[in-house]
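Here, each number is a calculation from the coordinates, and none is a lab measurement. Just so you know, these numbers come straight off a predicted model, no measurement behind them. Cβ sites come from the backbone with ideal geometry, for glycine too, and all protein chains shown count toward neighbours.
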Amino acid sequence: MKTILVTGVAGFIGSSVGKKLLERGDRVIGVDNMNDYYDVSLKEDRLKILKEFENFTFHKLDISEGFGELKKEKIDVICHLAAQAGVRYSIENPLAYQKANSLGTLQVFEFARHNKIPKVVYASSSSVYGNNKNVLFKESEKLDEQISLYAATKKSNELYAHVYNHLYGIEMIGLRFFTVYGPWGRPDMALFKFVKNILEGKQIDVYNSGKMQRDFTYIDDIVDGVVLALDKKCSFEIFNIARGETTELMDFIKAIEKALGKVADKNMMPMQDGDVLLTSGDISHTKDVLGYAPKVSVDEGVNNFVNWYKGYYGK
Ligand SMILES: NC(=O)c1ccc[n+]([C@@H]2O[C@H](COP(=O)([O-])OP(=O)(O)OC[C@H]3O[C@@H](n4cnc5c(N)ncnc54)[C@H](O)[C@@H]3O)[C@@H](O)[C@H]2O)c1
């Protein structure tokens with residue numbers, strides 16, 4: 001049994017990872033500041049599930065202000081998932097990203113350094129690839145051309161991680177997640193908004209008239225990737241955690257329409273600032289080193305989300 005500090009534990013990915021770790025018998029110390037970037041009651045409901053496990057403790061704190069009383073704990077590994085997420089909101093409120101992602105991550109790394117925590121697994125993002133020209137995005141590429149402040153903070157987290165690995169020997173694994181979706185998902189993301197609007201008979205906004213492609217990755221596959229990374233002995237690594245297949249946005253919408261049995265009223269919109277046209281993760285390195293093997297197709301994953309959404313909101 002390991003003791004794992006999970007930051008952002010009330011979040012979409014944090015709560016899903018936390019549950020998996022508790023189910024296999026690890027002790028999870030969860031932290032989250034429960035901010036209102038989206039519906040706080042969704043975060044509270046995710047936490048309720050975790051609080052049913054004896055091995056779970058929760059601390060409401062802001063990581064950018066340090067870890068206070070947690071200094072007493074003996075922690076084996078930090079799983080750092082707290083962040084101000086979302087590309088679009090970083091246009092509106094860049095300083096939120098500087099605080100949560102840049103300062104917050106530095107505080108996590110400082111906490112690891114001063115409390116002799118040997119390993120940190122932290123969330124990066126496919127957005128660090130910017131408008132990459134390659135067909136498949138590889139971890140080995142040199143990446144200096146992010147196109148949103150969100151992406152720039154995520155890229156800088158990888159640079160901080162390298163410094164802390166080099167200076168203090170802390171094991172550092174960065175995970176570049178590719179468009180994560182599934183039950184308990186984030187209300188600011190496309191799938192959630194599309195399903196909500198279609199069920200309420202409202203239009204859906206389709207950016208760049210649907211001419212976009214994403215490597216949509218189901219939450220269970222993401223959780224598998226995180227757990228494999230937590231269990232792997234490495235010094236400094238970055239892994240793509242993707243499905244490894246790209247889907248046209250319009251095909252993703254078709255999968256939603258099929259799952260709902262309803263056709264969406266689509267409002268074609270221009271491209272949003274900061275958005276990329278394509279994400280496409282090469283997962284060969286993740287497969288080779290971690291034994292990662294994503295399993296869930298877009299059709300199956302979208303169906304699971306729709307079933308969860310209807311159950312949760314009583315539709
Ligand atoms: N969901 C995706 O598609 C995706 C893709 C790439 C990367 N990521 C990264 O994965 C991680 C988890 O994302 P998510 O989709 O679960 O987002 P989320 O917003 O659901 O979860 C993040 C959690 O962190 C908490 N948080 C934010 N700032 C904090 C602070 N200063 N102190 C303490 N807690 C704070 C929030 O309250 C939230 O519960 C993030 O680092 C995100 O950038 C997500």
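Just a few scattered comments:
- Annotation for region 1-92: trypsin sites (Lys or Arg not before Pro) lying in DSSP loop with at most 12 further Cβ atoms inside 10 Å of their Cβ are R24, K74.
- Cα-based convex hull, region 141-198, per residue volume (Å³, whole number): 128
- Cα gyration tensor shape for the chain, rounded if a/c is under 1.5, else prolate or oblate: prolate
- J(HN,Hα) series, region 77-89, from Karplus relation 6.51 cos²θ - 1.76 cosθ + 1.60, nearest Hz, glycine and proline x: 7, 9, 10, 9, 10, 5, 5, 7, 8, x, 6, 5, 5
- Region 167-315 - share of DSSP beta bridges that are antiparallel (%, nearest 5): 15
- Straight-distance crosslink candidates among aspartates and glutamates, where the alpha carbon sits under 17 Å from K19 and sequence neighbours closer than 8 are dropped: D32, E44, D45, E52, E54, D220, D221, D224, D231
- Normalised contact order of the chain, rounded percent, pairs of Cα under 8 Å and 6 or more residues apart: 18
- For F216, F177, F194, order by how many other beta-carbon atoms lie within 10 Å, fewest first: F194, F177, F216
- Summing Cβ point charges (Lys, Arg +1; Asp, Glu -1) relative to the Cα centre of region 184-315 gives a dipole of roughly 460 debye.
- Candidates per GluC sites (Glu not before Pro) in region 1-95, loop by DSSP, up to 12 other Cβ within 10 Å: E52, E54
- Degrees between helix 12-23 axis and first principal axis of the chain (Cα, 0 to 90, nearest 10): 60
- Of the residues M250, N55, V226, the one whose Cα sits farthest toward the positive end of the charge dipole of the chain, with +1 on the Cβ of Lys and Arg and -1 on the Cβ of Asp and Glu, is N55.
- Counting only aspartates and glutamates at least 8 places from K233 when in the same chain, those with an alpha carbon closer than 15 Å to its own are D76, E171, D288.
- Between helix 219-231 and the chain there is an angle of about 20 degrees, using the helix long axis and the longest principal axis of the Cα atoms.
- Sequence-separation-based contact order of region 136-244, relative, with Cα cut under 8 Å and 6+ spacing, percent: 40
- Order of S102, S235, S125, S148 under a 10 Å beta carbon neighbour criterion, fewest first: S235, S102, S148, S125
- Distance violations [Cα-Cα > 31 Å] among K138/K232; K193/K295; K60/K193: none
- Nearest 10 degrees, 0 to 90: helix 298-312 Cα axis against the chain principal axis: 80
- Loop-resident GluC sites (Glu not before Pro) (DSSP state other than H, G, I, E or B) in region 105-208 with no more than 14 further Cβ atoms inside 10 Å of their Cβ: E141, E145, E200.
- For the residue pairs K51/K72; K133/K202; K155/K287, the C-alpha atoms sit more than 28 angstrom apart in K133/K202.
- DSSP-defined beta bridges in the chain - what % are antiparallel, rounded to 5: 5
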